[in-house]
Structure formats: C-alpha cells, structure tokens
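Q: Have a look at this one before I ask anything.
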Amino acid sequence: MLYSGPSLDHLHEHYAKQGRIDDYAAVKASQIVMIDAPVRTVWHVLATPATWSRIDPTIRDVTMIGAVAPDTPFSWTNGKAKIESRFAVVRPDAELSWTGVSFGARAVHRHQLQRRADAGTDLEIHESMAGPLLGLFFDTAKLQEALVAWAEGIKRVAQNLHINQAR
C-alpha cells in the first residue's frame, strides 16, 4: 500500500518507452478486445485525444500542444481526475502508450494494435498505477472495470466509424 513506484520520468523512459508497465504497482489491469474495423481506423480513434469524449463521455478538457508524438505532453480530465500525461510510444497502427500523474498516482497506459487475418483489429491494453495510499481509493477491480469500458468505447467508436466510411 505504501509502494509509490519509480519517479514519473523514470517510469516514462525506462518502463513506457521500453514497452512495459510497472509490474510492482499495486494497481494493474489488462484488457483485450476484438474490433471489427481496420487497424488504421482503430489507430485514428486512439491517436485523436481531442475526441476521446466519444469513447468515454467523462473525458473532457483535453489540451495538447503539438502532435501526437513521443514526449508530447497533454492534459485531460477523466471524471473528477485532472491528469497530466506525456506520450511515450507512438508507432502508428501498432502502439500508443503514455505516462501520467493524477493526485500523486503515476500510471503507464499501453495500447497495442494487431491486424487480424479478417482485416479486423485486436487491441490489447495494459495499465499500471502506483502511488502512496492509492489502494485506499482506487484498486485493481476499479481499474479493470475502467479498462473494460475504455476498450468497449474504442470498439464502438471504431466500428461505427468503419461502417460510416464504408457507406
């Protein structure tokens, strides 16, 4: 409960940029979702933070100066939490990862996209969160629930976009 993990800079450079989350963090979750839309469409949904409210209506006030690129900072509000983030890995059509901090908790959030033989996309999401006393107000079950909702939101938006593009 007292583990606060590595510094945000260390987490960014040596975890997120190296394709990993903090395995020692008390709060971790993963989710995989099959999306009936091409990788390019799923990537577009993920790599457009200004429209993340379509994925999750509790997301608002997304502010980013610059492009979606490694080390570009952005801030956003998710529910009541104001989050200061920075992209770590930006590999179009393959991976989008970032680190962030909110209320003293530090997180790594990874998305990996894989093209399926049927032209759909498998999206794998991993997240870790660490911070002093984090477990008192947020736990793995809540993070898992949030990742399920996030993944389903991405699926819904990407599939709707794909259907509309096909018309």
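The values are calculated or read from the model by the stated rules, or taken from the named source; none is laboratory data. Since this is a predicted model, take the numbers as computed values, not measurements. No Cβ is skipped: glycine too gets one built from the backbone with ideal geometry, and neighbour counts run over all protein chains shown. These accessible areas exclude ligands, DNA and RNA; they are computed on the full protein's heavy atoms, side chains included. Shrake-Rupley method; radii C 1.70, N 1.55, O 1.52, S 1.80 Å.
Q: Keeping all protein chains in place and using 1.4 angstrom, which order do 64, 34 fall into by accessible surface area, from largest down?
A: Most to least solvent-accessible, the answer reads 34, 64.
Q: Points 7 angstrom from Cα along the Cβ direction at residue 48 and residue 165: gap in nanometres?
A: 1.0 nm
Q: Could you work out the helix-only [θ] at 222 nm for the chain, with each DSSP H run of four or more residues adding -39,500 (n - 2.57) and the total divided by the number of residues, to the nearest 500 deg cm²/dmol?
A: -8000 deg cm²/dmol
Q: How far apart, in nm, are the 7 Å Cα→Cβ label points at residue 139 and residue 84?
A: Simple spin-label model gives 3.0 nm for this pair.
Q: How would 115, 156, 106 rank on accessible area, largest to smallest, probe 1.4 Å?
A: In descending accessible area the options line up as 115, 156, 106.
Q: Please report the carbon-and-sulfur percent of the accessible area for the range 11-145; probe 1.4 Å, protein heavy atoms only, DNA, RNA and ligands left out.
A: Summing carbon and sulfur atoms, their accessible area is 55 percent of the total for the range 11-145.
Q: Let me confirm the definition first: pairs of Lys residues in the chain, 8 or more apart or on different chains, C-alpha distance under 19 Å. How many are there?
A: 4
Q: Can you work out the accessible area per residue across the chain, with the rest of the protein chains kept in place, probe 1.4 Å, in square angstrom?
A: 51 Å²
Q: At 0.36 nm per residue, and after removing the present C-alpha to C-alpha distance, how many nm does the segment from residue 63 to residue 3 gain when stretched out fully?
A: Stretched fully, the residue 63-residue 3 segment lengthens by 18.6 nm.
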